[in-house]
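Worksheet for the structure shown next.
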Ligand SMILES: [Fe+2]
């Protein structure tokens with residue numbers, strides 16, 4: 001493995017280019033979301049149910065995996081702060097209430113629809129690669145924040161008025177996403193990725209999972 005020492009300027013250029021790429025991938029994904037008014041009630045229910053099937057049981061698990069993967073001490077407080085909020089405010093319970101109120105609590109078909117893509121992300125994060133895990137979670141947080149208005153619109157169309165989950169996550173994830181980019185920068189400085197590895201490997205796997213949440217098993221974007 002070769003490690004290159006980055007000057008502060010080249011480090012900040014690299015940080016900016018990674019952040020720009022992640023932002024652009026999130027923009028593309030958000031732009032691809034189908035118009036809620038064009039969806040059937042069952043299609044709207046399916047998106048909420050698959051989202052819930054993935055997020056309720058995996059978000060804290062994956063943030064914990066990222067925590068276990070990082071070596072930079074300065075990276076840890078960002079992850080701990082995120083986990084602390086998740087646990088203290090019982091975000092999985094909040095999401096479950098959201099799904100139930102929208103009559104979209106996931107059933108076995110919803111869980112099976114995401115199973116293959118979900119498993120790939122789980123196995124990937126189990127490799128405990130600090131830099132790749134952080135960039136994956138930064139993409140995840142950034143997307144979630146941008147997705148909340150859309151998710152709320154789906155739930156409203158399903159007759160729900162319980163928007164605590166989408167209200168909370170549209171706000172707090174902005175700071176969390178920035179924190180994850182700062183953690184990524186710290187991790188890259190002391191535990192850089194092997195140049196042979198793809199920085200975005202986990203991001204691509206997670207994007208495929210998010211596309212399956214939105215579209216079922218069709219219409220995936222190319223890399
Ligand atoms: Fe949360």
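Some notes on this structure:
- Residue match in the stretch 83-93 (condition: out of contact with any helix residue (DSSP H, G or I) (no Cβ under 9 Å at 6 or more places or on another chain) and closer than 16 Å to residue 138 by Cβ): no
- Given (1) touching a residue at least 24 places away in the same chain (Cβ under 8 Å); (2) over 14 Å from residue 104 (Cβ atoms); (3) more than 15 Å from the ligand (Cβ to nearest atom); (4) part of a helix (DSSP H, G or I), number of the condition residue 128 does not satisfy: (4)
- When restricted to residues that are buried (at least 16 other Cβ atoms within 10 Å of the Cβ) and modelled with pLDDT under 95, the stretch 194-223 contains 0.
- Any hit, the stretch 10-20, residues being modelled with pLDDT under 95, farther than 22 Å from residue 142 by Cβ and away from the ligand (no atom under 16 Å from the Cβ): yes
- Residue in the stretch 81-88 that is touching a residue at least 60 places away in the same chain (Cβ under 8 Å) and closer than 21 Å to residue 154 by Cα present: no
- Any hit, the stretch 156-166, residues being part of a helix (DSSP H, G or I), within 16 Å of the ligand (Cβ to nearest atom) and buried (at least 22 other Cβ atoms within 10 Å of the Cβ): yes
Conditions (1) part of a loop (DSSP other than H, G, I, E, B); (2) more than 16 Å from the ligand (Cβ to nearest atom), marked per residue:
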| position | (1), (2) |
| --- | --- |
| 135 | no, yes |
| 141 | no, no |
| 168 | no, no |
| 182 | no, yes |
| 186 | no, yes |
| 192 | yes, yes |
| 195 | yes, yes |
| 208 | no, yes |
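- Selection from the stretch 62-104 of residues that are surrounded by fewer than 18 Cβ atoms within 10 Å (Cβ to Cβ) and away from the ligand (no atom under 14 Å from the Cβ): 68, 71, 73, 74, 76, 77, 80, 100, 103
- For beta carbons closer than 6 Å, sequence separation of 6+ or different chains, a first residue in the stretch 164-186 that is closer than 14 Å to residue 79 by Cβ and at pLDDT 80 or above and a second that is away from the ligand (no atom under 14 Å from the Cβ) and not in a helix (DSSP H, G or I), the qualifying pairs are 186/72.
- Selection status of residue 34, more than 16 Å from the chain's Cα centre (by Cα), surrounded by fewer than 16 Cβ atoms within 10 Å (Cβ to Cβ), part of a loop (DSSP other than H, G, I, E, B) and away from the ligand (no atom under 15 Å from the Cβ): yes
The values are calculated or read from the model by the stated rules, or taken from the named source; none is laboratory data. The model shown is predicted, which means the values in this text are computed figures rather than measured ones. When we count neighbours, we look across all protein chains shown, and the Cβ atoms used for this are built from the backbone with ideal geometry, even at glycine.
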